[in-house]
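The values are calculated or read from the model by the stated rules, or taken from the named source; none is laboratory data. Computed from a prediction, not measured in an experiment: that's the story for all the values here. Ideal geometry is used to build each Cβ from the backbone, glycine not excepted, and the neighbour counts take in all protein chains shown.
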Amino acid sequence: MKILLIEDEEGLILTLTDRLESEGFSVTSAIDGEAGLALALAKNFNLIILDVMLPRKNGYDVCRDLRQRNVQTPILMLTAKGETIDKVLGLKLGADDYLTKPFEVMELLARIEALLRRAPNTDQFSDASFEFGDVSIDFRRAEISRSGERVDLSAMEFKLLQFLIENRGAVHSRDHLLDEVWGYDAMPSTRTVDVHVAWLRQKLEENPKHPQFIQTVHGLGYKFVA
Ligand code: CA
């Protein structure tokens, strides 16, 4: 699940990004309204967290512009204390929910989950295909090619690659990957993950010994970076 965070307080960006990524979200951030609007129009996100007081373009204008351009991504607005009337304005302009600063991260997570449950799942559509380096993937057909040549992956290699890409940017421990990709009932060892990662690198990385995309995070696990 991809979240766009439009917020100009750097401390808050760091805290929220860290926390949301540890919950398995992939987070992209923008520090002003113009940049946030451009990102929201250029890419698909499952949810947008939008601060009201932003440099260059305020949150209301960003919200209104997005809805006018038919971007239907759920928007959670962050308002400062005392901006009560502004909450109503935000909802009128098309925001789905709002949260008043300062807030507990648990509260934010609960709101995010509620919004995502209500929203149509656009994830499948936006991730129907993906490209990195000289590799292109068609997820619906489960086909991969590299510089136009077809690459054969086993079912598990494909599942692992898809999981890493869908949750790119976040670090995944070997245990977490076993649970997510192999399933709770399977009992392979964490070594299985290492072996599959090595095979994927062999097939997809230009230099498997110095992988550019499927990276090792020492002591923690793996992450996909594009
Ligand atoms: Ca602000």
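With the checklist (1) more than 29 Å from ASP18 (Cβ to Cβ); (2) in contact with a Pro (Cβ under 6 Å, 6 or more places away or on another chain) in hand, flag the one item ARG201 doesn't pass.
The number of the failed condition is (1).
From the list GLU104, GLU7, GLU34, GLU83, exactly one residue is modelled with pLDDT of 95 or more and out of contact with any helix residue (DSSP H, G or I) (no Cβ under 8 Å at 6 or more places or on another chain). Which is it?
GLU34
If you scan region 1-52, which residues turn out to be over 26 Å from ARG69 (Cα atoms), of a type in the set (D, E, K, R) and under 13 Å from the mean Cα position of the chain (by Cα)?
Within region 1-52, ASP18, ARG19, GLU21, GLU23 qualify.
Here is a list: ALA110, ALA198. Which entry is part of a helix (DSSP H, G or I), small (Gly, Ala, Ser) and at pLDDT 95 or above?
ALA198
Residues ARG168, ARG201: which one is closer than 30 Å to LEU14 by Cα, basic (Lys, Arg) and surrounded by 14 or more Cβ atoms within 10 Å (Cβ to Cβ)?
ARG168
Give, as residue ranges, the strands (runs of 3 or more DSSP E) completely inside region 1-107 that count at least 2 residues that are of a type outside the set (A, V, I, L, M) and either over 30 Å from VAL225 (Cα atoms) or more than 16 Å from the ligand (Cβ to nearest atom) (or both).
Strands (runs of 3 or more DSSP E) meeting the threshold: 26-30, 97-101.
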